[in-house]
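This report concerns only the one structure given below.
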Amino acid sequence: MLALGNFDGMHRGHLKIVERVRRSAEERFATAVAMTFDPHPSKIVRPDKAPPLLMTKQQKLEALARAGMHGVAVVRFSPELAQWDPETFVRRVLVEWLHVAEVWVGANFLFGHDRAGNFSVLRSLGARYGFRAEKIDPVRYKDFVVSSTRIRRLISEGRLDEAGALLGHYYSIDGSVVQGQRRGRELGFPTANLCPDNELIPPGGVYATTMTLDGVAYPSMTNVGYRPTFESGATTVIETHILDFNQELYGRRLRVGFVQRLRDEKKFDGVDALRAQIETDRQQTRTLFDRMAL
């Protein structure tokens, strides 16, 4: 049983496809597998218009495993593969390599050269090659159709709480903690400076976040921006202050989940004004997480 798609973000729509494949596999004592592409096809076909991805490959593999997939088939997307017509893709990948019995896709899934293959084509080819093709209709959350495109837009606008609602989980970035200038420590709010793996970084501002280390999530707040009170550099800095936490983190791998935007980044008149604002941010973050009982 195969879930077929890009699965960027593993949002509510993706989860519905994966859940249906998992249940179908359980009913038939079969193997539930997801198939995805690396790199994302748009990076090969339309690199100038390729969107920043919501997930790293590792994040995607972890999310698919959490959702109950027994395995993930990662197809290397290349210029050669981009030239395959829909039937060549189905025959060589789905039939000869994966030996699929059933394939589930989203309603808008397109494949093959020039995106010529749609669900009707997939179902027709399935009848020819001996597998069943099914689709999941678009998933709505409140007033919105859930899509990776809409989620990217919400994140780029700093609307992380809304993006998280469509995802079904916090938007998260992974990375390693690197040496910073210890500005936070001097202010009394030590921070972990993150070198991110992810392509899409939320816009400048202060956010209530979670910091996950070794599988444990801690309440935190994160500043994304240029530290205008101290400097006016061109490099975006991601600094996370973990509430009630005093472990050394240099070189460690972290995951920062963005819960809610607290305010814009701004330049303060001096260190004392900045310190007072950070304390206000910390209290606001603590109140938020107390309500959430994290």
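Looking only at residues of the stretch 235-276 that are at pLDDT 85 or above and basic (Lys, Arg), we find that the one that is nearest to the chain's Cα centre (by Cα) is Arg255. Return a yes/no flag: does the stretch 33-41 have any residue that is open to solvent by 30 Å² or more (accessible area, probe 1.4 Å) and part of a helix (DSSP H, G or I). No, there is no match, as no residue in the stretch 33-41 is open to solvent by 30 Å² or more (accessible area, probe 1.4 Å) and part of a helix (DSSP H, G or I). If you go through the stretch 119-138 and pick out every residue that is part of a helix (DSSP H, G or I) and surrounded by 13 or more Cβ atoms within 10 Å (Cβ to Cβ), you end up with 8.
Screening Arg153 against (1) open to solvent by 70 Å² or more (accessible area, probe 1.4 Å); (2) over 21 Å from Gln59 (Cα atoms); (3) not polar (S, T, N, Q) leaves a single unmet condition, (2). Among the residues that make up the stretch 100-109, is at least one of them of a type outside the set (Gly, Ala, Ser), surrounded by fewer than 19 Cβ atoms within 10 Å (Cβ to Cβ) and out of contact with any Lys or Arg (no Cβ under 8 Å at 6 or more places or on another chain)? Taking every residue of the stretch 100-109 in turn, at least one turns out to be of a type outside the set (Gly, Ala, Ser), surrounded by fewer than 19 Cβ atoms within 10 Å (Cβ to Cβ) and out of contact with any Lys or Arg (no Cβ under 8 Å at 6 or more places or on another chain). For the stretch 42-65, taking the residues that are within 13 Å of Asn6 (Cα to Cα) and of a type in the set (Lys, Arg), the one that is surrounded by the most Cβ atoms within 10 Å (Cβ to Cβ) is identified as Lys60. The criterion of being open to solvent by less than 30 Å² (accessible area, probe 1.4 Å) and at positive phi holds for Gly68. If you go through the stretch 70-109 and keep only what is aromatic (Phe, Trp, Tyr) and under 24 Å from Gln58 (Cα atoms), you end up with Phe77, Trp97, Trp104, Phe109. Considering the stretch 268-293, the residues that are in contact (Cβ under 8 Å) with a residue 24 or more places away in the chain and either touching a helix residue (DSSP H, G or I) at 6+ places or on another chain (Cβ under 9 Å) or of a type in the set (S, T, N, Q) (or both) include one that is least open to solvent (accessible area, probe 1.4 Å), namely Thr285.
The values are calculated or read from the model by the stated rules, or taken from the named source; none is laboratory data. Note that the structure is a prediction, hence the values are computed from the model and not measured. Neighbour counts run over all protein chains shown; Cβ positions are idealised from the backbone, glycine included. Surface areas here come from the heavy atoms of the whole protein model, side chains and all, with no ligands, DNA or RNA. Shrake-Rupley method; radii C 1.70, N 1.55, O 1.52, S 1.80 Å.
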